[in-house]
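K.L.:
Okay, here's the structure, questions in a sec.
The values are calculated or read from the model by the stated rules, or taken from the named source; none is laboratory data. This is a predicted model, so every value here is computed, not measured. Here Cβ is always computed from backbone atoms with ideal geometry, including for glycine, and neighbour counts include all displayed protein chains. Accessible surface is based on the protein model in full, side chains and every heavy atom, while ligands, DNA and RNA are left aside. Shrake-Rupley method; radii C 1.70, N 1.55, O 1.52, S 1.80 Å.
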Amino acid sequence: METKRPFTDLEWHLTPEPVRHYILYLEQALHNLQKQVDDYGKRIEKLEVKTRENSRNSSKPPSSDSPFDRSGRKNGKKGSRPKGGQKGHKAYKQQMLSPNKSHALMPERCRCGNTDFGGSRMEPFYTHQHIELPEIQMEISHFILHRCDCPSCGKTVKAVLPEPVRYGYGPRLSALIAELSGIKAMSRNDVKHICESVLRMPIATGTIQKIVDRASEAITPAYKAIGDVARSSLCNYIDETSWFNQNGLQWLWAMVNDRVAFYRIDAHRSKDAFNQLIQDWRGILVSDSYGLYRNWVHGRQTCLAHLIRKADALCERKKPDLRRFGHIMASLLRQLIQFAKDPPPPRQWQQYYAQLLFALSLWEPDKSDAGQLARQILREIDSLWFFIEHEGVEPTNNRAERALRFGVLWRKRSLGTQSEKGNRWVERILSLKETCRLKAKSTFQTLELCIESFFNNDKPDLSWI
């Protein structure tokens with residue numbers, strides 16, 4: 001940038017040579033200082049943007065939000081709607097269970113003093129249900145093995161344990177320990193304390209680990225069946241999150257649809273890892289804007305929620321033009337999501353399409369974050385409204401993100417796994433847990449049946465998958 005001097009060229013040439021050199025030096029120093037100020041201003045702006053990031057304007061999880069930030073919370077004032085379930089909400093009431101025993105209670109005395117009521121007028125009017133946990137008595141069986149010398153050949157013959165009891169812990173107890181260790185993600189010490197406190201059964205953490213290993217092997221057929229169903233589905237929601245194995249960075253992948261959820265841990269976040277997850281699947285992909293997913297050519301819906309969060313982040317910037325573009329794009333993208341419930345007529349769609357392209361074209365050449373967002377949306381514009389043209393496809397990848405949430409919490413509690421065997425356990429139990437949730441099926445009963453089949457060397461019933 002040239003410095004405009006407040007004097008003419010003649011006055012400049014009449015100035016003594018040393019003074020001119022000094023003025024040139026000051027001009028260069030001023031230019032360098034101005035450049036530093038501009039650079040520092042850009043850095044400060046980026047840092048301010050980072051400090052304002054939260055779960056509503058970035059990909060950060062809600063658990064990372066500051067407890068002192070109340071901007072996204074309700075102000076505590078009572079709304080117009082009453083508390084509790086709203087109109088049209090499905091009611092959940094205490095179910096009347098089948099009783100083990102019943103007690104008939106008769107009236108004893110009326111206020112008038114009468115105690116003789118007769119049996120002809122007596123009728124039940126209300127059933128009160130009382131539920132109690134029975135005293136837990138562990139079923140402990142001793143199998144005393146005998147041996148003797150064969151009277152024919154003289155060799156020692158020993159008794160052999162039946163197949164179902166050779167591991168020492170039955171299917172129900174093994175399923176309970178697997179439920180606590182995997183479905184509830186409790187540590188081995190916590191499971192040990194539960195067994196000692198509730199079941200009054202002393203057990204070593206090493207024994208718990210052996211039971212978990214057997215449960216992992218028992219649910220392997222179910223895990224493979226879940227993967228086969230996922231890879232045969234028309235549409236899948238795919239996402240990944242970081243995982244740690246012996247403090248080494250790895251990645252937990254999720255492949256989810258409305259029927260099953262399939263998980264896999266890989267050492268890389270690469271194309272090869274993605275191909276190992278999907279194998280020969282060639283369906284509709286719903287994902288975020290990760291470069292690996294953008295190359296999918298078999299039909300793809302980009303996650304609009306990710307783009308909306310970026311637009312919301314622009315709404316918080318100091319520059320008015322950035323805020324204006326952020327508000328425009330957030331409004332247009334939210335309107336696009338609304339089209340999933342209320343498809344627009346052709347004329348409304350043409351107006352919306354023209355408005356979107358006009359806003360993007362204005363900001364596409366810009367070098368700011370607004371221009372970066374505009375160029376990203378233009379790159380993926382063919383994947384923005386795939387859900388409108390294909391029934392059953394959702395406009396966001398929230399399904400996969402929700403499926404990964406439990407894995408993220410597990411990683412934060414346990415800091416990951418310590419072996420490849422641990423990785424396989426996490427993959428299998430997460431797949432079983434989320435698939436059972438989608439099927440409204442009991443995880444404990446499923447674990448019990450899988451482990452019982454494993455003990456009996458039978459194939460488990462996988463028709464429910």
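K.L.:
Looking at segment 284-307 only, could you name the residues that are within 16 Å of residue 231 (Cβ to Cβ) and open to solvent by 10 Å² or more (accessible area, probe 1.4 Å)?
P.N.:
The answer is 284, 296, 298, 299.
K.L.:
Something else about it: Would you tally the residues in segment 10-51 being among the aliphatic types (A, V, I, L, M) and in contact (Cβ under 8 Å) with a residue 60 or more places away in the chain?
P.N.:
In the first step, residues of segment 10-51 are kept if they are among the aliphatic types (A, V, I, L, M); the result is 10, 14, 19, 23-24, 26, 29-30, 33, 37, 44, 47, 49.
Now restrict to residues that are in contact (Cβ under 8 Å) with a residue 60 or more places away in the chain: 49.
Selection size over segment 10-51: 1.
K.L.:
Just need a number here: residues in segment 81-103 that are in contact (Cβ under 8 Å) with a residue 12 or more places away in the chain and exposed (fewer than 10 other Cβ atoms within 10 Å of the Cβ). Explain how you work it out, then say what you get.
P.N.:
As a first pass, look at segment 81-103 and keep what is in contact (Cβ under 8 Å) with a residue 12 or more places away in the chain: 94, 96-97, 99.
Among the residues that remain, those that are also exposed (fewer than 10 other Cβ atoms within 10 Å of the Cβ) are: 94, 96-97.
Of the residues in segment 81-103, 3 are in contact (Cβ under 8 Å) with a residue 12 or more places away in the chain and exposed (fewer than 10 other Cβ atoms within 10 Å of the Cβ).
K.L.:
For the subset of segment 320-343 comprising residues that are small (Gly, Ala, Ser) and open to solvent by less than 60 Å² (accessible area, probe 1.4 Å), which member is farthest from residue 392 (Cα to Cα)? Spell out how you get there, then give the answer.
P.N.:
Taking segment 320-343 and keeping what is small (Gly, Ala, Ser), we get 326, 330-331, 340.
Keeping just the survivors that are open to solvent by less than 60 Å² (accessible area, probe 1.4 Å) gives 326, 330, 340.
Details: 326: 29, 330: 24, 340: 10 Å.
If we take residues in segment 320-343 being small (Gly, Ala, Ser) and open to solvent by less than 60 Å² (accessible area, probe 1.4 Å), then 326 is farthest from residue 392 (Cα to Cα).
K.L.:
For segment 137-166, what are the residues that are within 23 Å of residue 449 (Cβ to Cβ) and in contact with a Cys (Cβ under 9 Å, 6 or more places away or on another chain)?
P.N.:
Scanning segment 137-166 gives no hits.
K.L.:
While we're on this one: If residue 317 satisfies every condition in (1) assigned to a loop (DSSP other than H, G, I, E, B); (2) open to solvent by less than 80 Å² (accessible area, probe 1.4 Å); (3) farther than 29 Å from residue 39 by Cα but one, which is the exception?
P.N.:
Answer for residue 317: the failing condition is (3).
K.L.:
Could you pull out the residue among 143, 125 that is open to solvent by 50 Å² or more (accessible area, probe 1.4 Å), part of a loop (DSSP other than H, G, I, E, B), of a type outside the set (A, V, I, L, M) and at pLDDT below 90?
P.N.:
When all the criteria are applied, what remains is 125.
K.L.:
Going through 20, 111 one at a time, which residue ends up being part of a loop (DSSP other than H, G, I, E, B), charged (D, E, K, R) and at pLDDT 80 or above? Lay out the reasoning, then the answer.
P.N.:
On the way: 20 fails: part of a loop (DSSP other than H, G, I, E, B).
Every option except 111 fails the conditions.
K.L.:
Among all residue pairs at least 6 apart or on different chains, which show Cβ distances below 8 Å where the first residue, located in segment 440-454, is on the phi > 0 side of the Ramachandran plot and the second is part of a helix (DSSP H, G or I)?
P.N.:
Matching pairs, first to second residue: none at all.
K.L.:
Let me ask something additional. Pick out the one residue from 219, 265, 226, 211 that is touching a residue at least 12 places away in the same chain (Cβ under 8 Å), open to solvent by less than 20 Å² (accessible area, probe 1.4 Å) and touching a Cys at 6+ places or on another chain (Cβ under 7 Å).
P.N.:
Being touching a residue at least 12 places away in the same chain (Cβ under 8 Å), open to solvent by less than 20 Å² (accessible area, probe 1.4 Å) and touching a Cys at 6+ places or on another chain (Cβ under 7 Å) holds for just one of 219, 265, 226, 211, which is 219.
K.L.:
If you don't mind, another one. Which one of these is outside any strand (DSSP E or B) and more than 30 Å from residue 457 (Cα to Cα): 174, 152?
P.N.:
Matching residue, one of 174, 152: 152.
K.L.:
Residues in segment 185-199 that are under 15 Å from residue 169 (Cβ atoms) and loosely packed, with under 12 Cβ neighbours inside 10 Å: how many?
P.N.:
The qualifying residues number 0.
K.L.:
For the structure I just gave you, tell me whether residue 318 is of a type in the set (Lys, Arg) and more than 30 Å from residue 232 (Cα to Cα).
P.N.:
Here the answer is yes, as residue 318 does meet what is asked.
K.L.:
Can we say residue 415 is closer than 30 Å to residue 247 by Cβ, at pLDDT 95 or above and not charged (D, E, K, R)? Show your work before the answer.
P.N.:
Working: closer than 30 Å to residue 247 by Cβ: yes; at pLDDT 95 or above: no; not charged (D, E, K, R): yes.
No; evaluated as a whole, the condition is false for this residue.
K.L.:
How about segment 162-184: which of its residues are of a type in the set (Val, Ile, Thr) and surrounded by fewer than 17 Cβ atoms within 10 Å (Cβ to Cβ)? Lay out the reasoning, then the answer.
P.N.:
We begin by selecting, within segment 162-184, every residue of a type in the set (Val, Ile, Thr); these are 165, 177, 183.
The answer is 165, and nothing else.
K.L.:
Any chance segment 159-169 includes a residue that's under 21 Å from residue 196 (Cβ atoms), under 42 Å from the mean Cα position of the chain (by Cα) and at pLDDT below 90? Break it down into steps so the answer makes sense when it comes.
P.N.:
Of the residues in segment 159-169, the ones under 21 Å from residue 196 (Cβ atoms) are 167-169.
If we keep only those that are under 42 Å from the mean Cα position of the chain (by Cα) too, we end up with 167-169.
When the remaining residues are screened for being at pLDDT below 90, the result is 167-168.
Checked against the condition, which is being under 21 Å from residue 196 (Cβ atoms), under 42 Å from the mean Cα position of the chain (by Cα) and at pLDDT below 90, segment 159-169 yields at least one hit.
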